[in-house]
Amino acid sequence: MLIMYSKIIKNTIVAFAAFTLVQGCTKKEVIELTPEFSLDALNNPSSMRQVEEVLVGAYGTLRANNYYGSGSGTGAGWALMPDIMSDNFYEVTAETLANSRAMADWIYNQSTGQITTLYSSPYNTIAHTNIILRDIDKFTNANNQGQSNRIKGQAYVLRALAHFDLFRYFATNYDRNSTTLLAMPYIKDFIVSSSLKPTRTNNKEFYDNLFADINQAITLLGNVDQQPNPASGTTRPYIDRNAAYALLARINLYAGNWADAVTAATNALNGRPLATTQSAFTGMYKQTDRGELIWNIQFEAGEFGPSFLVFSPTSNRSLFRPVPEIATAAGNTGLIQSNDLRYQAYFTSVPAAGTTTPNLTLTKYRGKGTLLDGNANYPVFRSGEMYLIRAEANARLGGANEVTALADLNALRAARINGYIPEVLTGTALINAIADERRREMFGEGHRFFDLKRTTRQITRGSVCGTSISAAGQCSLAPTAREWALPIPETVRNANPNIAQNPGY
């Protein structure tokens, strides 16, 4: 992916200008930004190859600090930020940089800098995909239809993913059928115009657009010239049909389309079995084994993977640590214990600065192989999540479906926990067990805040919150609090007053 690096950088900046314009801006911004950072594909594409370069650029946007990448004590917006905003981590008083305290303590507002970058990053991706979808048909013919389908299908999935990620943070509620709740604008065109000032669509229209994009992608990716990823290897850095189904499963879970979530998760699992050994499971994070990856974000040398928001592998500083309710250095209490292969894959005991006392630290993104540079890849979709989506959806369908839900839960636990004895659960107990398993399985992968939000639960932080270990200002967030939906940035609303603000801000 590095061969196009210079073009990725240029195209990314162009796309950011497009984001600004889509949201509403001044003519001055157009004049200053667009001509300075131009790429042929922006206005005058000359080949299918050049369109594919824009696709490479779209993948590059996902590695930004406020998408899946991170900086020193900041970023990782959809990789680790939802974990520190929930009850999974505590801020380490002795080592804090306070960079993300506003997010961790829910004291953000419409002027908070990180809110603005979280808002802008997905629009960067969306701009790339809209350039692709605008131009690709100009170069499609009978001889390259499969190539066109492969590029186009990936673009549709990336567009849907970026819109859905915005929706997860900025929507107040995930109701599939609401025509009154506000989602986000669904941007389908790359248009440079200071007069374009879109409004927020309602939830139903937003979901309709999501499903249309993904279903189109699934059709296209079923008829390609070659598979986006090689048949073997240790990574899956490009979106294929399994990844499209995985996104469809995740969105259906949020939408409460239980039967559709079951079907999509099953399709995503086709040929992607669970990792059942320590080497295969840990290898997903170390790039030594493909494990159960469905799709990963590929970070390369010199780039900053997700880790730096929580733990700096290059300085051994821990800004946030797992709460003891998740795991402990002794490994004999908490949700993830030492007989669980996730324990070794996720954690290492790293003393606090200036001490020798072992403290558990999230090190799953420490680096590839034996490197400790923080350039680990991020698993956007993997089989464990699909098992849990299918389990939760079946459990919520109830009746005979509970048997299938329990089978998936027990199968996942058996693959992770040494000596696991299957449980028999039904009803609320089964649903709660699946929720706990999601917290274990996807710890540090950007799901907990959204899981609590979509199930309307309160955040209650654990035993260290508000103590000298973690002098957090906030230890609970009520289900009705305004902070479940991030505010629309002030700069966006100043440029485009048609973008309605979320309640309470």
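The values are calculated or read from the model by the stated rules, or taken from the named source; none is laboratory data. None of these values were measured; they are calculated from a predicted model. All Cβ positions, glycine included, derive from the backbone under ideal geometry; neighbour counts span all protein chains shown. The protein model used for the area step is the full one, side chains on, heavy atoms only, and it has no ligands, DNA or RNA in it. Shrake-Rupley method; radii C 1.70, N 1.55, O 1.52, S 1.80 Å.
Test of understanding: among 186, 285, which residue is farther than 23 Å from residue 375 by Cα and crowded, with 17+ Cβ neighbours inside 10 Å?
Every option except 186 fails the conditions.
Do you know which residues across segment 452-492 are under 23 Å from residue 201 (Cα atoms) and either open to solvent by 80 Å² or more (accessible area, probe 1.4 Å) or without any contact (Cβ under 8 Å) to a residue 24 or more places away in the chain (or both)?
Residues satisfying the conditions are 455, 456, 480, 482, 490, 491.
Among the residues that make up segment 45-58, is at least one of them surrounded by fewer than 20 Cβ atoms within 10 Å (Cβ to Cβ) and either within 21 Å of residue 447 (Cβ to Cβ) or basic (Lys, Arg) (or both)?
Checked segment 45-58: at least one residue is surrounded by fewer than 20 Cβ atoms within 10 Å (Cβ to Cβ) and either within 21 Å of residue 447 (Cβ to Cβ) or basic (Lys, Arg) (or both).
List the pairs whose first member sits in segment 210-239 and is under 20 Å from residue 187 (Cα atoms) and free of Cβ contacts under 8 Å to residues at least 40 places away in the same chain, whose second member is open to solvent by less than 20 Å² (accessible area, probe 1.4 Å) and of a type in the set (Val, Ile, Thr), and whose Cβ atoms are under 6 Å apart, counting only residues at least 6 apart or on separate chains?
Listed pairs, sorted by first residue: none to list.
Within segment 390-398, identify whether any single residue is in contact with an Asp or Glu (Cβ under 7 Å, 6 or more places away or on another chain), surrounded by 21 or more Cβ atoms within 10 Å (Cβ to Cβ), outside any helix (DSSP H, G or I) and not small (Gly, Ala, Ser), and answer yes or no.
no
Out of 183, 155, I need the residue that is within 24 Å of the chain's Cα centre (by Cα) and farther than 19 Å from residue 48 by Cα. Which one?
Within the list 183, 155, the selection yields 183.
Restrict the check to segment 48-66 and report whether at least one residue is without any contact (Cβ under 8 Å) to a residue 24 or more places away in the chain and either in contact with a Phe, Trp or Tyr (Cβ under 6 Å, 6 or more places away or on another chain) or not β-branched (Val, Ile, Thr) (or both).
yes
With the structure loaded, tell me whether residue 89 is among the hydrophobic types (A, V, I, L, M, F, W, C) and in contact (Cβ under 8 Å) with a residue 60 or more places away in the chain or whether it fails that test.
Judged against the criteria, residue 89 is a match.
All but one of (1) touching a residue at least 60 places away in the same chain (Cβ under 8 Å); (2) closer than 24 Å to residue 102 by Cβ; (3) within 23 Å of the chain's Cα centre (by Cα) hold for residue 505; which doesn't?
Checking residue 505 against (1) touching a residue at least 60 places away in the same chain (Cβ under 8 Å); (2) closer than 24 Å to residue 102 by Cβ; (3) within 23 Å of the chain's Cα centre (by Cα), the one that fails is (3).
If we scan segment 63-70, do we find a residue that is crowded, with 24+ Cβ neighbours inside 10 Å, at pLDDT 95 or above and of a type in the set (Phe, Trp, Tyr)?
Within segment 63-70, one or more residues are crowded, with 24+ Cβ neighbours inside 10 Å, at pLDDT 95 or above and of a type in the set (Phe, Trp, Tyr).
Go over the candidates 83, 135 one by one and state the one that is among the acidic types (Asp, Glu), more than 28 Å from residue 335 (Cβ to Cβ) and part of a helix (DSSP H, G or I). Walk me through it before giving the result.
On the way: 83 fails: more than 28 Å from residue 335 (Cβ to Cβ).
The match here is 135.
For segment 344-380, what are the residues that are part of a strand (DSSP E or B), open to solvent by less than 10 Å² (accessible area, probe 1.4 Å) and touching a Leu at 6+ places or on another chain (Cβ under 7 Å)? Talk me through it step by step, then tell me what you get.
Initially, segment 344-380 is screened for residues part of a strand (DSSP E or B), giving 347-349, 360-362, 378-380.
Next cut, open to solvent by less than 10 Å² (accessible area, probe 1.4 Å) only: 361-362, 378-380.
Within segment 344-380, 379 is the sole residue that qualifies.
Report, by residue number, each residue of segment 321-343 that is within 19 Å of residue 84 (Cβ to Cβ), open to solvent by 10 Å² or more (accessible area, probe 1.4 Å) and out of contact with any Lys or Arg (no Cβ under 6 Å at 6 or more places or on another chain).
The answer is 324, 325, 328, 334.
Quick check on segment 146-165. Is at least one of its residues closer than 30 Å to residue 500 by Cβ, touching a helix residue (DSSP H, G or I) at 6+ places or on another chain (Cβ under 7 Å), aromatic (Phe, Trp, Tyr) and open to solvent by less than 30 Å² (accessible area, probe 1.4 Å)?
Checked segment 146-165: at least one residue is closer than 30 Å to residue 500 by Cβ, touching a helix residue (DSSP H, G or I) at 6+ places or on another chain (Cβ under 7 Å), aromatic (Phe, Trp, Tyr) and open to solvent by less than 30 Å² (accessible area, probe 1.4 Å).
Any residue at all in segment 425-436 that's surrounded by fewer than 17 Cβ atoms within 10 Å (Cβ to Cβ) and not in a helix (DSSP H, G or I)?
Yes, because at least one residue in segment 425-436 is surrounded by fewer than 17 Cβ atoms within 10 Å (Cβ to Cβ) and not in a helix (DSSP H, G or I).
Count, please, the residues in segment 293-328 that happen to be touching a residue at least 40 places away in the same chain (Cβ under 8 Å) and either part of a strand (DSSP E or B) or over 19 Å from residue 378 (Cα atoms) (or both).
Qualifying residue count for the region: 17.
Considering every residue within segment 141-150, establish whether at least one is out of contact with any strand residue (DSSP E or B) (no Cβ under 7 Å at 6 or more places or on another chain) and farther than 27 Å from residue 56 by Cα.
no
From the list 215, 229, 203, which residue is closer than 22 Å to residue 251 by Cα, open to solvent by less than 60 Å² (accessible area, probe 1.4 Å) and of a type in the set (S, T, N, Q)? So that I can check it myself, show each step before the final result.
Numbers: 215 fails: open to solvent by less than 60 Å² (accessible area, probe 1.4 Å); 229 fails: closer than 22 Å to residue 251 by Cα.
Within the list 215, 229, 203, the selection yields 203.
Return a yes/no flag: does segment 117-126 have any residue that is in a helix (DSSP H, G or I), within 17 Å of the chain's Cα centre (by Cα) and surrounded by fewer than 18 Cβ atoms within 10 Å (Cβ to Cβ).
Yes, the conditions are met somewhere in segment 117-126.
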